[in-house]
1. Sort out which residues of the stretch A:374-386 are outside any strand (DSSP E or B), farther than 23 Å from residue A:102 by Cβ and in contact (Cβ under 8 Å) with a residue 24 or more places away in the chain, and write them in order of number.
2. Looking at the stretch A:323-335, I want the residues that are more than 11 Å from residue A:145 (Cα to Cα) and have a partner that is assigned to a strand (DSSP E or B) with Cβ atoms under 6 Å, at least 6 apart or on another chain. Which pairs are those?
3. Looking at the stretch A:162-190, which of its residues are more than 14 Å from chain B (Cβ to nearest Cβ), in contact with a Gly (Cβ under 9 Å, 6 or more places away or on another chain), outside any loop (DSSP other than H, G, I, E, B) and more than 30 Å from residue B:128 (Cβ to Cβ)?
4. For residues in the stretch A:431-469 being within 25 Å of residue A:509 (Cα to Cα) and not in a helix (DSSP H, G or I), which is nearest to the other protein chains (Cβ to nearest Cβ)?
5. Looking only at the stretch A:127-156, count how many residues are part of a loop (DSSP other than H, G, I, E, B) and surrounded by fewer than 21 Cβ atoms within 10 Å (Cβ to Cβ).
6. Report, by residue number, each residue of the stretch B:102-142 that is touching a helix residue (DSSP H, G or I) at 6+ places or on another chain (Cβ under 6 Å), without any contact (Cβ under 8 Å) to a residue 40 or more places away in the chain and more than 9 Å from chain A (Cβ to nearest Cβ).
7. Among the residues of the stretch A:394-416, is any more than 17 Å from the chain's Cα centre (by Cα), within 22 Å of residue A:46 (Cα to Cα) and within 12 Å of chain B (Cβ to nearest Cβ)?
8. If I ask for residues that are small (Gly, Ala, Ser) and closer than 16 Å to residue A:35 by Cα, which ones from the stretch A:60-96 would you list?
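The values are calculated or read from the model by the stated rules, or taken from the named source; none is laboratory data. Quantities reported herein were computed from a predicted structural model and do not represent experimental measurements. Cβ: placed from backbone, ideal geometry, glycine included. Neighbour counts: every protein chain shown.
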Amino acid sequence: MKVIIGQGSCGIATGAKKTAAEFEKQIKAKNLNIEVGITGCVGTCFLEPIVDIYDDENHLTRYVKVHPEDVTEIVDNHLVAGIENDTHCICQEDANVITKQKRLVLRNCGLIDPEDIQEYVDLGGYKATEQVLTTMTQDEVIEVIKVSGLRGRGGAGFPTWFKWNAAKSSPGTEKYMVCNADEGDPGAFMDRSIIEGDPHALLEGMIIAGFAIGASEGIIYCRAEYPLAIHRLEVAMDQARERGYLGKNLFGTEFDFDIRIKAGAGAFVCGEETALIASLEGERGMPRLKPPFPASKGYYQNPTNINNVETFANVPWIIANGGEAFGSMGTEKSKGTKLFALAGKIKKGGLIEVPMGMTLKEIIYDIGGGIKNDREFKAVQMGGPSGGCIPASLIDTPVDYENIGKIGAIVGSGGMVVMDETTCMVDMARYFLDFTRKESCGKCNYCRIGTKRMLEILERITKGEGKEGDIELLEELAEKIKDGSMCGLGQTAPNPVLTTIKYFRNEYEDHIYNHTCTAKSCKDLFQFIITDNCTGCTVCARKCPVDAISGLRKEKHLIDQEACIKCGKCEEVCKFDAIIRK
Amino acid sequence: MNDYKELAPVLEKYGKISGSLITILQKAQDIYGYLSKETIEHIAKETGIKAAKVYGVVTFYAQFRENPIGKYLIMMCKGTACHVNGADFIEEAVTEHLNIKDGETTEDGIFTLNNVACLGCCSLAPVMMIKCSEGDETYGNLTKDTTKEILDEIKSRG
């Protein structure tokens, strides 16, 4: 029997380490011969900390939301007496969250110990690499990827084989295989979870890709904000080197390949290939004009191929199962599966993997369990600052590159932030513009100054100081910024504004002409009002930080609107739902 | 006057490898907590890279700081999921409780507040990470009250 505790960043944040320590302590105290191990992200973040108990026949019992104080009963019942514990067992509905998915990239996540290469090898790991290095030519590898139809998972969806082929065909003996793990999209954590849960899948993908283009060095450009991911990669690389999977003469062939990690320093623009290369060279991460493309002149002017973590993680599976098997999943032009980070106002947030072409509705309701507090679904934001907000009316849209692109958003790297009726769409646009303005590298005038001007307009509108013509001005600026920017950051920066204007124009108009915020989220455009539900319990008056609430005990209270700072404390503490936003 | 003894092995190892400036700056910041004008000039001198260029890199990337920070660094997540789930309220709670704004340090030198783009724990939004020399701890599903409790608990550690 063994006890496995999910320890990705999310699990650890909910206290998984403390739970694990408690299990170890009690198992030791009771002298039980049971191993306590770790695994990466299970994907169902809303159930963390998650404890998996495998019996000797490898039958799994999953306990969820297990905190240190819950450990004793599980140890006594399950580990000592051998009977399943009544509480904390995962319910069928929550278990379905995983069974409704198609887990290909995530096949090992939440199953294996990411810090033990043997567990990866036991499940067929490094077989694909061996097959490629000992039996295939570079062209054959690229052909398999071509047949599979794999497209870049970082956002743009460019055919992977095409990039590999270009880098392979470029003249030069020194070539580089770079992994973009600088997951800068706010609201996305797919790459982090893959690395934390199954780092060898990434390494294997890079080795195979490196072989295909003729590179002998790989570089992983990873966010510095992901210390655990970097640690697990380092452990994985050391173990791979010990076994001869990285280094010289891999699998007894002539092929040498090693990988190093370069920690990024925090710049969203480094998601752009040429900016990422500048950053690898120790420069400011500013993009340059293409062509020449990195495939011919990249890292220190050498042919360089850059792919995203998820793209690489698909590769070993494709090699092992064939391009046709991968191509049979998904839609006509978008093959395979896609990972999404489901977050925001959703009941069952977490990391999911589904076949391309599944509708938004299936993802949000069947897998995500619907909207928190059963509120009304308003929109889903896809693609982060480069993407757009998709309204409820388009919930039946299949999620693939073509269909999502058609309605003004992008699949992006896979962030999916769900919004309900309390989210203001003008504020969302303001939020993203604030982000892109800060992250603009400053090279192109339209991006540097244009995003600032757009932000100023949006700030005015959310303060109730919008003017007639603001919407048209935003649209005009948006088009000019798209045209006048050199890289993807500027070209897509206006998307959150354009999609919210397209689908939620009435909200902009409400802010500008009626000085109201439909979602009651913009502070300057609503008031807190006490209704007749008030029992005069005085809690709100006591908690108000500015003494803006008055009233006698057992009588209805009143808020002094002049004094109120709209901190929301009264609304938070009222037990009678007597405080509303109007 | 700092003799930069701790930084010497870093410069020894990376100083001559081109493209290592960011790595050197990261390690220098790990050692000294921030990158002062003197540190920047020292690195420029030792690597032969112009000080203006080093400064350009320092100011370009969000990770680099030019001012000292407190014992505990509060990294307040402002990612999309956190924003939708009320990260602004959590930031307000920190500001009210410690009287510091984004980028500021408390007078007693215990806390520094930094807003960050995304910590990647979106399902637990709103989230903050608190960093200190003993390691990082991430706190999720925050409310104004739990945020204040967490800060009080850390403060009581001294």
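1. Quick first cut of the stretch A:374-386, residues outside any strand (DSSP E or B) only: A:374-376, A:383-386.
Imposing the further condition that a residue be farther than 23 Å from residue A:102 by Cβ reduces the set to A:374-376, A:384-386.
Answer for the stretch A:374-386, where residues must be outside any strand (DSSP E or B), farther than 23 Å from residue A:102 by Cβ and in contact (Cβ under 8 Å) with a residue 24 or more places away in the chain: A:375, A:376, A:384, A:385, A:386.
2. Hits for this filter: A:329/A:355; A:330/A:355.
3. A:163, A:167, A:168, A:177
4. My answer is A:463.
5. Filtering the stretch A:127-156 down to residues part of a loop (DSSP other than H, G, I, E, B) leaves A:136-137, A:149-150, A:152-156.
Narrowing further to those that are surrounded by fewer than 21 Cβ atoms within 10 Å (Cβ to Cβ): A:136-137, A:152, A:156.
Of the residues in the stretch A:127-156, 4 are part of a loop (DSSP other than H, G, I, E, B) and surrounded by fewer than 21 Cβ atoms within 10 Å (Cβ to Cβ).
6. Of everything in the stretch B:102-142, those that are touching a helix residue (DSSP H, G or I) at 6+ places or on another chain (Cβ under 6 Å), without any contact (Cβ under 8 Å) to a residue 40 or more places away in the chain and more than 9 Å from chain A (Cβ to nearest Cβ) turn out to be B:106, B:113.
7. Among the residues of the stretch A:394-416, not one is more than 17 Å from the chain's Cα centre (by Cα), within 22 Å of residue A:46 (Cα to Cα) and within 12 Å of chain B (Cβ to nearest Cβ), which makes the answer no.
8. Matches in the stretch A:60-96: A:82 only.
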